[in-house]
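The structure under discussion appears below in the form of structure tokens.
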Amino acid sequence: MGADMDDFWVFGYGSLMWRPGFDHEQALQARLFGHHRALCVRSFVHRGTPQRPGLVLGLDRGGSCHGVAFRVRPENREAVIEYLRGRELVTHVYREATRRLRLDTGQQVTALTYVVDRAHQQYAGGLSVDEALSAVNGAKGQSGPNEAYVLNTVTHLRTLGIRDQHLEAIAHRLEADALAGSVRLRA
């Protein structure tokens, strides 16, 4: 069963899941095939600076990604696209794309999403847990501490029943470091 041609969907796989920042009339779990969630973008603005980059999530090629699809009212389409471009295209490390998703209802829809540009200077794919942890620890940008971003994302994924072993391993280490008193997790 296809979606109505007037439907406008946005796919969130990171902070958009827990802080979309735009009006939507429905949010459903969905799976995107052909890309996976990865902590693969050096953040120069939101969770770090050019001098002390943090790491944020990107959709990297290969595999699949379980996230949230937001249905937006047609009359809000342009305003939402403008908002997302202002949020996601700050340094152009992401490319705006439309991709097919399978909603948890079984329905297939086309959604707007943002895919990492592997040729961009901020791309940081293939980092080990230790390398990612080193980048996240102590980084802070306009949107707050990098540690909070990772922990909020993992908490939200767990709430949705979504597992991400690499991200969970980083979060576990952040939590252990916080207990040891070496990392401050809140802004």
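If you take the residues in the range 128-158 that are in a loop (DSSP other than H, G, I, E, B) and in contact (Cβ under 8 Å) with a residue 24 or more places away in the chain, which one is least open to solvent (accessible area, probe 1.4 Å)? Here the residue is Ala139.
Scanning the range 111-127 for residues that are touching a residue at least 40 places away in the same chain (Cβ under 8 Å) and either of a type in the set (Lys, Arg) or open to solvent by less than 70 Å² (accessible area, probe 1.4 Å) (or both) gives Ala111, Leu112, Thr113, Tyr114, Val115, Val116, Arg118, Gln122, Tyr123, Ala124, Gly125, Leu127.
Taking the range 13-53 as the range and being touching a Ser or Thr at 6+ places or on another chain (Cβ under 8 Å) and in a strand (DSSP E or B) as the test, the residues that pass are Leu28, Arg31, Leu32, Phe33, Gly34, His35, His36. The residues on offer are Ala124, Ala97, Ala132, and the sole one that is touching a Ser or Thr at 6+ places or on another chain (Cβ under 7 Å) and modelled with pLDDT of 95 or more is Ala97. Is at least one residue of the range 172-184 within 16 Å of the chain's Cα centre (by Cα) and closer than 24 Å to Val68 by Cα? No, every residue in the range 172-184 fails to be within 16 Å of the chain's Cα centre (by Cα) and closer than 24 Å to Val68 by Cα. Residues considered: Gly67, Gly106. Of these, the only one that is in contact with a Phe, Trp or Tyr (Cβ under 7 Å, 6 or more places away or on another chain) and more than 17 Å from Ser143 (Cα to Cα) is Gly67. The set of residues in the range 59-80 that are touching a strand residue (DSSP E or B) at 6+ places or on another chain (Cβ under 7 Å) and more than 20 Å from His35 (Cβ to Cβ) comprises Arg71, Val72, Pro74, Arg77, Val80. In the range 23-37, the residue that is nearest to Val80 (Cα to Cα) out of those that are open to solvent by 20 Å² or more (accessible area, probe 1.4 Å) and of a type in the set (A, V, I, L, M, F, W, C) is Ala27.
Here is a yes/no grid of residues against (1) under 20 Å from Phe8 (Cβ atoms); (2) open to solvent by 60 Å² or more (accessible area, probe 1.4 Å); (3) touching an Asp or Glu at 6+ places or on another chain (Cβ under 7 Å):
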{"residue": "Ser43", "(1), (2), (3)": "no, no, no"}
{"residue": "Gly54", "(1), (2), (3)": "no, no, no"}
{"residue": "Leu57", "(1), (2), (3)": "no, no, no"}
{"residue": "Val68", "(1), (2), (3)": "yes, no, no"}
{"residue": "Ile81", "(1), (2), (3)": "yes, no, no"}
{"residue": "Glu96", "(1), (2), (3)": "yes, yes, no"}
{"residue": "Asp104", "(1), (2), (3)": "yes, yes, no"}
{"residue": "Val109", "(1), (2), (3)": "yes, no, yes"}
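Of the residues making up the range 54-102, those that are closer than 20 Å to Asp6 by Cα and outside any strand (DSSP E or B) are Arg73, Pro74, Glu75, Asn76, Arg77, Glu78, Ala79, Val80, Ile81, Glu82, Tyr83, Leu84. Do we find that Gly125 is touching a helix residue (DSSP H, G or I) at 6+ places or on another chain (Cβ under 9 Å) and in a loop (DSSP other than H, G, I, E, B) in this structure? Spelling it out, it is not the case that Gly125 is touching a helix residue (DSSP H, G or I) at 6+ places or on another chain (Cβ under 9 Å) and in a loop (DSSP other than H, G, I, E, B).
The values are calculated or read from the model by the stated rules, or taken from the named source; none is laboratory data. Quick caveat, the model's predicted, so the values are computed rather than measured. Every residue, glycine as well, gets a Cβ built from its backbone with ideal geometry; the counts of neighbours run over all protein chains shown. The area values use the complete protein model at the heavy-atom level, side chains included, leaving out ligands, DNA and RNA. Shrake-Rupley method; radii C 1.70, N 1.55, O 1.52, S 1.80 Å.
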